[in-house]
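The values are calculated or read from the model by the stated rules, or taken from the named source; none is laboratory data. Only a predicted model underlies this, so the values are computations on that prediction, with no experimental measurement involved. In this analysis, Cβ positions are derived from the backbone assuming ideal geometry, glycine residues included, and neighbour counts consider all displayed protein chains. We work out accessible area using only protein heavy atoms, side chains counted, and drop any ligands, DNA or RNA first. Shrake-Rupley method; radii C 1.70, N 1.55, O 1.52, S 1.80 Å.
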Amino acid sequence: MASNRTFTMIKPTAFKKNYTGAILKMIIEEGFQIRAMKLTRLTNEQAGAFYAVHKGKPFYESLVEFMSSGPIVAIILEKENAVEAFRNFIGATNPEQAADGTIRKLYGTSLQQNAVHGSDSDENAEIESGFFFSKMERY
Ligand code: ADP
Ligand code: MG
């Protein structure tokens with residue numbers, strides 16, 4: 001059964017460029033409910049663990065470096081069919097290929113620095129949420 005929840009992060013470049021408010025506005029107006037939210041920063045080790053599925057790929061080390069380079073906003077969102085709906089909403093991984101009007105198209109600055117993360121399955125949404133939030137911190 002679908003959990004109707006997904007996990008996202010506003011990545012370091014988007015946070016640094018002060019896109020947080022605009023991105024949150026888009027997310028809320030799309031009908032996603034915020035169930036947990038935190039401004040925090042990943043250590044190199046935590047970023048490595050978060051993206052462990054990509055270990056060995058050519059972009060992994062650089063991605064881990066980037067994701068631990070500054071603050072991120074970690075967020076749990078709820079909406080019907082949240083995982084798929086959110087991934088469609090943010091657009092393709094590469095901002096240049098993302099559809100017009102998507103968050104990655106509007107606020108992504110490169111393939112690596114593509115503004116936001118979006119979980120790719122209910123299972124991963126739960127695992128990724130657990131990196132940042134206890135059950136008590138989820139509403
Ligand atoms: P998505 O975030 O769309 O699920 P992936 O899981 O494939 O994409 O990759 C995780 C993240 O790694 C991407 O969001 C992006 O920041 C980065 N990334 C993916 N592919 C590349 C690449 N070829 N070069 C540089 N960075 C990449
Ligand atoms: Mg992914």
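Observations, loosely collected:
- Flag if Phe89 is out of contact with any strand residue (DSSP E or B) (no Cβ under 9 Å at 6 or more places or on another chain), closer than 20 Å to Ile34 by Cα, at pLDDT 95 or above and open to solvent by 10 Å² or more (accessible area, probe 1.4 Å): yes
- Filtered by the rule that a residue be under 11 Å from the mean Cα position of the chain (by Cα) and among the β-branched types (Val, Ile, Thr), region 1-22 gives Thr6, Thr8, Ile10.
- Residue count, region 62-91 (criterion: more than 20 Å from Lys25 (Cα to Cα) and within 15 Å of ligand 2 (Cβ to nearest atom)): 4
- Cβ-Cβ under 6 Å pairs, at least 6 apart or on other chains, region 18-32 side farther than 12 Å from Ile90 by Cα, far side in a helix (DSSP H, G or I): Tyr19/Tyr107
- Output for region 92-125, where each listed residue is crowded, with 19+ Cβ neighbours inside 10 Å, within 15 Å of Asn18 (Cα to Cα) and among the hydrophobic types (A, V, I, L, M, F, W, C): Ile103, Ala115, Val116
- Among the candidates Glu30, Glu61, residue that is of a type in the set (Asp, Glu) and within 16 Å of Val116 (Cα to Cα): Glu30
- Residues that are small (Gly, Ala, Ser), free of Cβ contacts under 8 Å to residues at least 40 places away in the same chain and in contact with a helix residue (DSSP H, G or I) (Cβ under 7 Å, 6 or more places away or on another chain) do not occur anywhere in region 49-67.
- Just one of the numbered conditions (1) of a type in the set (A, V, I, L, M); (2) open to solvent by 10 Å² or more (accessible area, probe 1.4 Å); (3) under 19 Å from Tyr51 (Cβ atoms) is not true of Ala74: (2).
- Within region 11-38, the residues that satisfy the criterion of being under 26 Å from Glu123 (Cβ atoms) and open to solvent by 50 Å² or more (accessible area, probe 1.4 Å) are Ile28, Glu30, Gln33, Ile34, Arg35, Met37, Lys38.
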